[in-house]
Amino acid sequence: MNGASANVDSHAAQLREELLEATSYFSADYFSARERFLAASTRLGLEHHALPIHAPSPSAEPLTIDITVAGAAKPRSAIVLSSGVHGVEGLFGSAVQSAFLEQLSPHWQPPNDAAFIFIHAINPFGFAWRRRFNEDNIDLNRNFLLAEEKFSGSPPLSSAFRSVMKPTGPKTRYGFWSARMAMLALRHGIQSFWETLPVGQYDYPDWLYFGGHAPTQSSRALESFLPTLLDEAREVVHLDFHTGLGRWAECELLVSECEGGDSCEWWLEHFDAKMVRKLKSFTRAYEIRGGFGPWLRALFPDAKYRYTTAEFGTYSPMRVIGALADELRWRCDLGEDPLALTSRERLADTFVPRSRSWRTKTLHTGISLVQRAANILWHPANSQRPAIALH
């Protein structure tokens, strides 16, 4: 074997090893993800809080939002990393959290009056059952309404979309979603999908992107508990990990227009500007409400609370919508029906692909975002060393 061939083989072997190492951080389900997250937190001696969510569990084990803290109990500056707002997407967010914790030196300490706060599985029911929505079919990221907002209203075409994409006959293996979506596109135009589905609705509890009629268990639990950690914080950087929107394995840092122009400018200045996107309303006819970020800013009005949705792309929007509509048929069936299990496996693969290259790239990007946030918030001006180093 010549030197060039040996180098190629060595590089290929190294690449295979990196792929295997990265994919090993992705757990098979909510319970194994929770166990790994807590084990990594315990290794570092982190403070742990479990917020119970009372809902059916696949194995009768408790469902909890788990929060661990590294650093000050009452930080003045904090980095918050959250996962699982959309249930099944937690398979990715949890992997980033656990990988970061496992690579963190046990001797590392944040600066005085600073802390990392990890919020694991905000929607543990959806995570455990491989659903995007919670135990009441609620999209949590449309449920965080502000005090003056009401749990009512829907985009103009919600009823029309629901009637076409909600089968009323016997459940079969195929839902013919492509044909149904083609019919809607011909009738209302492609733009109607963006103006109707992801913006959320509050009138149809049995349909997609339902924002609920009242605050969920998860939002009530966070509203009660988070101030015990962050009521003295003056600067917070919050990365909320999501998947399913955007180009394959690429990350976008979505900043809501409700966050204000100064917030978007901050992300553009400190992170890769090509990643940052101001998330404007999809439609003038209906306002998007209930997002996690604006709710957190209202909860902590005295802090510079800089929140972004770290969104990692997977498949095409039509495949994502089709997978969501198909899984919705089985929302009342929490048993072992083979078709229901197949549908949920398809949904999980749609939002967190099994592809090794996807998992490797997204995991590395996610961890680099965390390191970047720490270097921005805690890096001493006269130091050449990063604020945080992983092994």
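The values are calculated or read from the model by the stated rules, or taken from the named source; none is laboratory data. Because the structure is a prediction, the values reported are computed rather than measured. Positions of Cβ are backbone-derived with ideal geometry, glycine not excepted, and every protein chain shown enters the neighbour counts. These area figures cover heavy atoms from the full protein model, side chains too; ligands, DNA and RNA do not enter into them. Shrake-Rupley method; radii C 1.70, N 1.55, O 1.52, S 1.80 Å.
The residues of segment 273-374 have, on average, 43 Å² of accessible surface per residue, using a 1.4 Å probe with all protein chains present. The helix-only estimate of mean residue ellipticity at 222 nm for the chain, built from DSSP H runs of length n ≥ 4 each weighted as -39500 (n - 2.57), is -13000 deg cm²/dmol after division by the residue total. In terms of packing, defined here as the mean over residues of other Cβ atoms within 10 angstrom, the peptides 79-91, 327-339, 349-361, 127-139 line up highest first as 79-91, 127-139, 349-361, 327-339. Contact order, relative form, for segment 132-258: 34 percent (alpha carbon pairs under 8 Å, 6 or more residues apart, mean separation divided by residue count).
Where (1) 38; (2) 34; (3) 27 are the candidate values, the label of the one calculated here for percent of Cα pairs over 34 Å apart is (3). When you restrict to C-alpha pairs under 8 Å that are six or more residues apart and normalise by the size of the chain, the relative contact order lands at 20 percent.
Under a 5 Å amide H cut-off, with hydrogens placed 1.01 Å from N, His238 pairs with Val80, Arg306, Tyr307, Thr308 among residues at least 5 apart or on other chains. Here the label points at Asp136 and Glu250, each 7 Å from Cα along the C-beta direction, are separated by 3.8 nm in the simple model. For the peptides 272-279, 32-39, residues were scored by their other Cβ atoms within 10 Å and the scores averaged per peptide; the highest-first order is 32-39, 272-279.
Calculate the spin-label point distance for Arg329 paired with Gln371, positioning each point 7 Å from the Cα along the beta-carbon direction, and give it in nanometres. With each label placed 7 Å out from Cα toward Cβ, I get 4.5 nm. Across the accessible surface of the chain, with the other protein chains kept in place and a 1.4 Å probe, carbon and sulfur atoms take up 52 percent.
For the chain, the tally of Lys pairs with Cα-Cα distances below 23 Å comes to 5, considering only residues 8 or more apart or on different chains. At a probe radius of 1.4 angstrom, the accessible area of segment 39-150 per residue rounds to 32 square angstrom. If I require 15 Å or longer along the helix axis, counting alpha carbons, and a Kyte-Doolittle average no lower than 0.5, what helices from the chain are left? Use full DSSP H segments. The answer, listed by residue number, is 90-103, 317-328.
For segment 182-232, rounded, prolate or oblate, judged on the Cα gyration tensor with a ≥ b ≥ c (square roots of eigenvalues), a/c < 1.5 rounded, else prolate if a/b > b/c? Prolate, because a/c is 1.5 or more and a/b exceeds b/c.
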